[in-house]
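Structure, as structure tokens:
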Amino acid sequence: IYKHQMDAVLTLSRTFLKEDAHPSSVAWDGKNLWSISGWEHKLIRHKNDDTLAVETEIYSPFNEPAGMIHDSGYFWVCDTRDQKILKFTVRGSHLEIVEKFNSPGQKPIGLSRDGDFIWSLDSKSGLMYKHLAAQNFKVMEVYALPEEIQRENIVCMARDGSLFWLGAESSQKVYQIDFKNLKLVSKAEQP
């Protein structure tokens, strides 16, 4: 797990090495860092200190988790193998799935929250979907990534205001994209 400074070049400020751990995604709940692994089928809460030591391990049923986020007491995660987007909570020592949605894409790898909406990213098509979270995850808008990024193998996404951050495995780059640089592909009728 790598911690970066939010400067112009994302300077690496700390590396946390976890022996025998294969994190697929991480999420911050406002108090603790959580990681999830498809390899070990574990959801891990880490200590909120300089070690990020394992505090709690919980069995995770997801095959290929990606793009985990936390929002208002719930976690959201993509399962790329099953092409699902799932909402879950942690109750004591177990994970409880609250809702399960089919992904509109073939390989969902990233999620972010934006008020009443959740964004999902499909790495196979390079499309970003804006879902209405409260109404059965309905797709409201579909956007294409900038052309120069569409050839990349995007493996993760984060959001900071109007900026999206995308991690590319093939080029080992992190791209910063402003919302205004996304191309609207389609729009649903308002609910």
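The values are calculated or read from the model by the stated rules, or taken from the named source; none is laboratory data. Since we're looking at a predicted model, the values are computed, not measured. So basically every Cβ, Gly included, is an ideal-geometry build from the backbone, and we count neighbours across all protein chains shown. Side chains are part of the model used for accessible areas, which takes the heavy atoms of the whole protein and leaves out ligands, DNA and RNA. Shrake-Rupley method; radii C 1.70, N 1.55, O 1.52, S 1.80 Å.
Could you list which residues have their amide H under 5 Å from that of Gly38, counting only those 5 or more apart in sequence or on another chain, with H placed in the peptide plane?
Ser24
Taking a ≥ b ≥ c as the square roots of the Cα gyration tensor eigenvalues, with a/c under 1.5 meaning rounded and otherwise prolate when a/b beats b/c, else oblate, which class fits the stretch 87-144? Display every interim value, and only then the final one.
Values: a/c = 2.40, a/b = 1.67, b/c = 1.43.
Judged from the Cα gyration tensor, the stretch 87-144 comes out prolate (a/c at least 1.5, a/b above b/c).
So if we plug the beta-carbon distance of Val185 and His41 into 1/(1 + (r/R0)^6) with R0 = 30 Å, what FRET efficiency do we get, rounded to 0.05?
Values: r = 35 Å, r/R0 = 1.18.
Here the calculated transfer efficiency is 0.25.
Does a label point 7 Å from the Cα of Glu169, set along Cα-to-beta-carbon, have any residues of the stretch 66-97 with amide nitrogen under 16 Å, and which are they?
Answer for this model: 66-68, 78-83.
Output wanted: per-residue J couplings in Hz (rounded whole) for the stretch 41-55, from phi through Karplus 6.51 cos²θ - 1.76 cosθ + 1.60, θ = phi - 60°, x for Gly and Pro.
6, 10, 10, 10, 9, 9, 5, 8, 8, 6, 9, 6, 4, 5, 9
In whole Hz and in residue order, list the ³J(HN,Hα) couplings for the stretch 82-97 that follow from phi through the Karplus curve 6.51 cos²θ - 1.76 cosθ + 1.60, θ = phi - 60°; x for Gly and Pro.
8, 6, 10, 10, 10, 10, 9, 10, 10, 10, x, 10, 9, 9, 10, 6
With a Förster radius of 22 Å, plug the Cβ-Cβ distance of Glu147 and Phe117 into 1/(1 + (r/R0)^6) and report the FRET value to the nearest 0.05. Each step should come with its number before you reach the end.
Numbers: r = 25 Å, r/R0 = 1.11.
After rounding to 0.05, the efficiency reads 0.35.
Pull up all non-local amide H partners of Lys124: gap of 5 or more, or a different chain, and H-to-H distance under 5 Å with H placed in the peptide plane.
Hits under the 5 Å cutoff: Gln106, Lys107.
Is it possible to state the helix-based mean residue ellipticity at 222 nm for the chain, with each DSSP H run of 4+ residues giving -39500 (n - 2.57), the sum divided by total residues, to the nearest 500 deg cm²/dmol? What is it?
Details: 1 runs with 4 residues, N = 191.
After summing the helix terms and dividing by the residues of the chain, the value is -500 deg cm²/dmol.
Kindly identify the chain as rounded, prolate or oblate by the Cα gyration tensor criterion: order the square roots of the eigenvalues as a ≥ b ≥ c, call it rounded if a/c is under 1.5, otherwise compare a/b with b/c, prolate if a/b is larger, else oblate.
Numbers: a/c = 1.75, a/b = 1.24, b/c = 1.42.
Since a/c reaches 1.5 but b/c is at least a/b, the shape of the chain is classed as oblate.
Taking only protein heavy atoms and a 1.4 Å probe, what accessible area per residue, in Å², does the stretch 136-191 have with all protein chains in place? Mind showing how you got there, number by number?
Numbers: 3590 Å² over 56 residues.
Using a 1.4 Å probe on heavy atoms only, each residue of the stretch 136-191 averages 64 Å².
Quick one: pull the percent of accessible area on the chain belonging to carbon and sulfur, 1.4 Å probe, ligands and nucleic acids left out.
Working: 4990 of 10780 Å².
For the chain, the apolar C and S fraction of the accessible surface comes to 46 percent.
Go through the stretch 172-182 residue by residue and turn each phi into a ³J(HN,Hα) via Karplus (6.51, -1.76, 1.60, θ = phi - 60°); whole Hz please, and just put x for glycine and proline.
Per residue, the Karplus-derived 3J(HN,Hα) values read 6, 10, 10, 9, 10, 10, 7, 3, 5, 8, 8 Hz.
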